[in-house]
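The values are calculated or read from the model by the stated rules, or taken from the named source; none is laboratory data. What you are looking at is a predicted structure, and each value in this text was computed from that prediction instead of being measured. Neighbour counts are summed over all protein chains in view; Cβ atoms, including those assigned to glycine, are modelled from backbone coordinates with ideal geometry.
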């Protein structure tokens, strides 16, 4: 693909966004619409319509037509078929849905589709914090945790496109099971959901008004020892998972992105300290860096897929 | 390298072996000598002499000279410099030792050097159970646990050649720390040392005569419930670590080799059951296979390095 512009689409659980993106990762024009409609979940056909509407809108704003389209979506995506393999329990209607082909047909354009955290990692790898590196690991900390791994300058897909599924890396073989079947998945501790859970475990919030991860961070910043203990546990569990992935891949750097990571340096410093405490000497020196594209990693990375092909 | 024969050398803690190996992985001639001398550990200069003697002996037996030499050694190896970065606490004299260059000089031959478990994985990948696959993970279960990962048909080295360090993948973020700094490393549970430890924890052996992993397996086979519980824990911890690595890399298959794996099917079946219980549906179908080169994975893989260059 030698186009200099592409359209990136980021399908999130709350909002769907589209943008025209340059090859260097600059966003030329963008739109955003709610993925839910009046609080109802969107069924697959309606999602296709929503994406088409977003794409047509950015095309109209830029006076361009027929650009290639890269899409990042929540859920497990089968790379070869472009079908959705699985999502959270809320979205059973999507299992097996041929999202890529349906979008290509409706848009009459070339469409690439992959998991949202994987394409966010790709955005950081090509246009963000990961640019200087050929061997990289990306952790995206959101409601859950996703990721992407890069070996020798390329995104690793694996046997069926599911490599980089870092949220379910276990940190406790006898630990509790949060939605997946895996005991002690790192996203049970260090995602937004996990941090809120640790906050509740440490006695924060009320029965009828459960605390959110944002509130745990704010309470910790105000000096509450229970909130600080919850954040410290989250950082430690994430640090151990990062250490395990360092051992598997020996990357040149780790990039941390996603909504939770946007709390920034105090949390990242705790994660770095955990890795420094847990990893063998040769691995400790691996830099652990914040994402630099912020909330746009996924939008940029969705478009970047077009140039990876 | 287009030679049809190469010499493989496997430097283990107990024995050092050398063999002339064909490109398809057949061993033509082999020798073995103890790595220790009268119970004393060998210092680096003496190790170089030992390897040279083994190489000259197989060359003489085959009437060949000047073949390229691939070496697998215990310890962390820095790939670009061919130096030993670290070994177990017993071998401080080796830290920083330029083993590859010293061997190349003494042998007047091209020498490749890497970690013993990594080259054992390479042997299985090119000439053993891993041959049908392009995306593979190898776990070598010995006194400790080592490994190797393969993406898109190639051995992954990572930033400094330390990728595939699978023995220290954590399965317990609050777990005990066995020799490395990492809490709950899988080798603390499922290596020979780890299985013996679990046996003792379950009440096997005597204070003055600690039980070995071989004895734990034999006792379990005889029906002892404490030994069966120890083996079951080992298989479960290994199954969780394998599951984590499946999530990172989504390989087509996992191969299990090394001395502990030679107990064979009853243990492998427990490991498969643990993965089936813990992994998300799309990952459960990944075959978990026994190594097929047995004790020769490392010897063959050491030679195979020559043809990877």
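Key figures for this structure:
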read-out	value
Matching residues, the stretch A:97-122, being in a helix (DSSP H, G or I) and surrounded by fewer than 19 Cβ atoms within 10 Å (Cβ to Cβ)	A:101, A:104, A:105, A:106
Every residue from the stretch A:192-203 that is surrounded by 23 or more Cβ atoms within 10 Å (Cβ to Cβ), away from every other protein chain (no Cβ under 14 Å) and without any contact (Cβ under 8 Å) to a residue 40 or more places away in the chain	A:199
Cβ-Cβ under 9 Å pairs, at least 6 apart or on other chains, the stretch B:52-65 side within 12 Å of residue B:18 (Cα to Cα), far side part of a helix (DSSP H, G or I)	B:52/B:103; B:52/B:106; B:52/B:107; B:55/B:103; B:55/B:107; B:56/B:107
Residue, nearest to the other protein chains (Cβ to nearest Cβ), within the stretch A:153-191, restricted to residues that are over 21 Å from residue B:183 (Cα atoms), touching a strand residue (DSSP E or B) at 6+ places or on another chain (Cβ under 8 Å) and surrounded by fewer than 22 Cβ atoms within 10 Å (Cβ to Cβ)	A:160
Listing of helices (runs of 4 or more DSSP H) fully contained in the stretch B:235-309 that carry 2 or more residues being closer than 23 Å to residue B:71 by Cα and touching a strand residue (DSSP E or B) at 6+ places or on another chain (Cβ under 7 Å)	B:297-308
Scope the stretch B:160-169; condition at pLDDT 95 or above and assigned to a loop (DSSP other than H, G, I, E, B); matching residues	B:163, B:164, B:165, B:169
Scan of the stretch B:33-61 for residues that are in a strand (DSSP E or B) and loosely packed, with under 14 Cβ neighbours inside 10 Å, ordered by number	B:34, B:37, B:40
Residue selected from the stretch A:275-303 under the condition at the interface with chain B (Cβ under 9 Å from one of its Cβ atoms) and crowded, with 18+ Cβ neighbours inside 10 Å, by the criterion nearest to the chain's Cα centre (by Cα)	A:286
Residue in the stretch A:149-158 that is free of Cβ contacts under 8 Å to residues at least 60 places away in the same chain, part of a strand (DSSP E or B) and under 30 Å from residue B:234 (Cβ atoms) present	no
Any hit, the stretch B:71-78, residues being under 25 Å from residue B:307 (Cα atoms) and modelled with pLDDT of 95 or more	yes
Number of the condition not met by residue A:236 [criteria: (1) surrounded by fewer than 20 Cβ atoms within 10 Å (Cβ to Cβ); (2) at the interface with another protein chain (Cβ under 7 Å from one of its Cβ atoms)]	(1)
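Table: residues versus (1) in a loop (DSSP other than H, G, I, E, B); (2) at pLDDT below 95; (3) closer than 30 Å to residue B:238 by Cβ.
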position	(1), (2), (3)
A:175	yes, yes, yes
A:180	yes, yes, yes
A:188	no, no, yes
A:194	no, no, yes
A:199	no, no, no
A:217	no, no, no
